[in-house]
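Novice: Starting off with a structure, shown below.
The values are calculated or read from the model by the stated rules, or taken from the named source; none is laboratory data. Since this is a predicted model, take the numbers as computed values, not measurements. For neighbour counting, all protein chains shown are included, and Cβ atoms are generated from backbone atoms with ideal geometry for every residue, glycine included. The protein model used for the area step is the full one, side chains on, heavy atoms only, and it has no ligands, DNA or RNA in it. Shrake-Rupley method; radii C 1.70, N 1.55, O 1.52, S 1.80 Å.
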Amino acid sequence: MIPEATRYLKATVSLFSPNIFLNASKLSAHGAPSSLQTRRNLRVSHCLAAKVPPPKKPREKVEIPGLEMVTYGDRMHYVPGLAKPVYPPWEMSFKDPRYYRSPPAQEMALYKDKPCYIFNQRTSILEGVRQAAWLTKTQVSPGLLPHLISLAAKPENQLPDQDERVQNAIKHSRFWDTTEPRPRKERYSNTLLLNLLHLCASLQPTHPAVGRRILAENYSLAATWKRGEDLFQIRGRNGLLHCSMDPLPRICGEQEVLETSDWVLESFYPVSPTIDLQQVSVYKEEMNYTGESPPGFPEMELSWSSSNHLSPIGSGFRGEYPYPHAHTLYFLETSDPNCKLRPEQFRAKMIMFTFGNALARAHKLYGTQPQSLLECPITVQAVGTNGRIFQFLVFQLNTTDLSGDDGIKNQAWLDEDVELYDFAKVRPFIKRKEVKVPAGLAGYKPETFSKFLALYLHGAA
């Protein structure tokens, strides 16, 4: 019965176009397709092997001098056979930023033939820390200095019930701050950072110098320097800045600073040092400011002190600002959801923005002329985190003469990928009826918070 039905079906299909039905020639005697994948030809307008039609060439408009084209502009509606009218661009009598058209770059007042390479908060440089060290002429050393870490080891510099309070801060950011089954990293990383800062600020009664600091959010930064024959600028907003009335003390002595002249910067030839940097031709050369709004932009900035009270900043880091010295920069890997940096590029961003803050302060103290050796080196710290893993950085600016590879170098100490805890699970992780990771906080490492506390107390203990 089935073979006869198949034979009748083949005879019927032959009367119609093969583009409508299934290819019946591939049906077996049992009514199933003989191949693993059948061809369904549902389109009947073109054959299967047709070429894509070439794009139509636009008609050339012929302009005959002395003759005007007859258009339907006077009739105010479309008329077949008449040409489409061409109107001059409409110019408004008032300025509307929604319809603003910038002039060509060559006609702008700040246009220059020599390009400038810009690093901003979204820049992801290819070589990471090596490229950042070359751009800033910096000697990068692994790990933090022992005398800096030892600040948190003293009993007078520790919190009462320190480990328990830190674990409660972690649990608050991962479990208690939201009702979601799995909180987003953008949320719990920011909550954890603020919780740790709040714990460190509780040492203000025993360390009065902590009260001489303030936290500034969404501040603007711009710094300019020359490296070789190229001009570089760092611009943008990195997040949270802990600024102080008093500068941080220098990390290394004068003899150790002089020994950096023998250090040879690591090369990454044939990769260009300017790779992945934004190249612009419209810029302002002498642009160095920290905290204040850029020229031409309104000053809208908020900050809060150690007691978490919001207060407006109207003057930024100008002469009358009482907190002109950058103490510590706090970075979040998830601060910008549209730009996610890899760990190596994230550490390079920390170095660049820490260097930019120190350079902007040096230009304000010593001028924009290159200084081979600063009389008082400028120290700035940085902490980066994704909610579990921390990056610690201490940067010391020794020179602003960055044109050549010889001479005194800047110094940086970088402690990479330091884990605060192993797991924070809302539900236990079970595999083959065995609990691999229990619910709750597991693998807490107190030495990580000790490094965080040591950087916070640097200059106050």
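Novice: Consider R432 carefully, then state whether it is free of Cβ contacts under 8 Å to residues at least 24 places away in the same chain and among the charged types (D, E, K, R).
Specialist: Judged against the criteria, R432 is a match.
Here is a yes/no grid of residues against (1) open to solvent by less than 70 Å² (accessible area, probe 1.4 Å); (2) under 23 Å from L393 (Cα atoms); (3) touching a strand residue (DSSP E or B) at 6+ places or on another chain (Cβ under 6 Å):
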residue: N168; (1), (2), (3): yes, no, no
residue: K185; (1), (2), (3): no, yes, no
residue: L192; (1), (2), (3): yes, yes, no
residue: L197; (1), (2), (3): yes, yes, no
residue: A201; (1), (2), (3): yes, yes, no
residue: P205; (1), (2), (3): no, no, no
residue: A209; (1), (2), (3): yes, yes, no
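Novice: Can you tell me how many residues within segment 405-426 are open to solvent by 50 Å² or more (accessible area, probe 1.4 Å) and either in a helix (DSSP H, G or I) or touching a residue at least 24 places away in the same chain (Cβ under 8 Å) (or both)?
Specialist: Residues that pass the stated criteria total 6.
Novice: Residue pairs, Cβ under 6 Å, 6 or more apart or interchain, first in segment 257-279 and farther than 11 Å from I408 by Cα, second among the β-branched types (V, I, T) and open to solvent by less than 80 Å² (accessible area, probe 1.4 Å). List them.
Specialist: Pairs found: D276/I125; Q278/I118.
Novice: Is it the case that A382 is assigned to a strand (DSSP E or B) and at pLDDT 95 or above?
Specialist: The answer is yes for A382.
Novice: Just one of S372, S450 is in a helix (DSSP H, G or I) and hydroxyl-bearing (S, T, Y); which is it?
Specialist: After applying the criteria, what remains is S450.
Novice: Within segment 327-368, how many residues turn out to be touching a residue at least 24 places away in the same chain (Cβ under 8 Å), within 22 Å of R250 (Cβ to Cβ) and in a helix (DSSP H, G or I)?
Specialist: Residues meeting the conditions: 16.
Novice: Can you tell me how many residues within segment 259-280 are open to solvent by 40 Å² or more (accessible area, probe 1.4 Å) and assigned to a strand (DSSP E or B)?
Specialist: Final tally of qualifying residues: 2.
Novice: Across segment 212-228, which residue is modelled with the highest pLDDT among those that are under 30 Å from N195 (Cβ atoms) and open to solvent by 20 Å² or more (accessible area, probe 1.4 Å)?
Specialist: Ranking the candidates gives R212 first.
Novice: Restricting the search to segment 65-105, which residues are in a helix (DSSP H, G or I) and either over 45 Å from the mean Cα position of the chain (by Cα) or basic (K, R) (or both)?
Specialist: Listed by number, the list holds a single entry, R98.
Novice: Tally up the residues in segment 381-404 that are open to solvent by 10 Å² or more (accessible area, probe 1.4 Å), in contact with a Lys or Arg (Cβ under 8 Å, 6 or more places away or on another chain) and among the hydroxyl-bearing types (S, T, Y), please.
Specialist: Number satisfying all stated conditions: 1.
Novice: For segment 106-186, list the helices (runs of 4 or more DSSP H) that sit wholly inside it and hold at least 2 residues that are over 26 Å from A201 (Cβ atoms) and either touching a residue at least 24 places away in the same chain (Cβ under 8 Å) or touching a helix residue (DSSP H, G or I) at 6+ places or on another chain (Cβ under 6 Å) (or both); which are they?
Specialist: 129-136
Novice: Restricting to segment 234-256, count the residues that are under 28 Å from I118 (Cβ atoms) and without any contact (Cβ under 8 Å) to a residue 12 or more places away in the chain.
Specialist: 0
Novice: Using the structure shown, decide if D74 is closer than 29 Å to Y283 by Cβ and among the acidic types (D, E).
Specialist: For D74, the condition - closer than 29 Å to Y283 by Cβ and among the acidic types (D, E) - is not met.
Novice: Further, regarding this structure: May I ask you to verify whether F346 is at pLDDT 95 or above, open to solvent by less than 10 Å² (accessible area, probe 1.4 Å) and in contact with a helix residue (DSSP H, G or I) (Cβ under 7 Å, 6 or more places away or on another chain)?
Specialist: So F346 does not fit the description; no.
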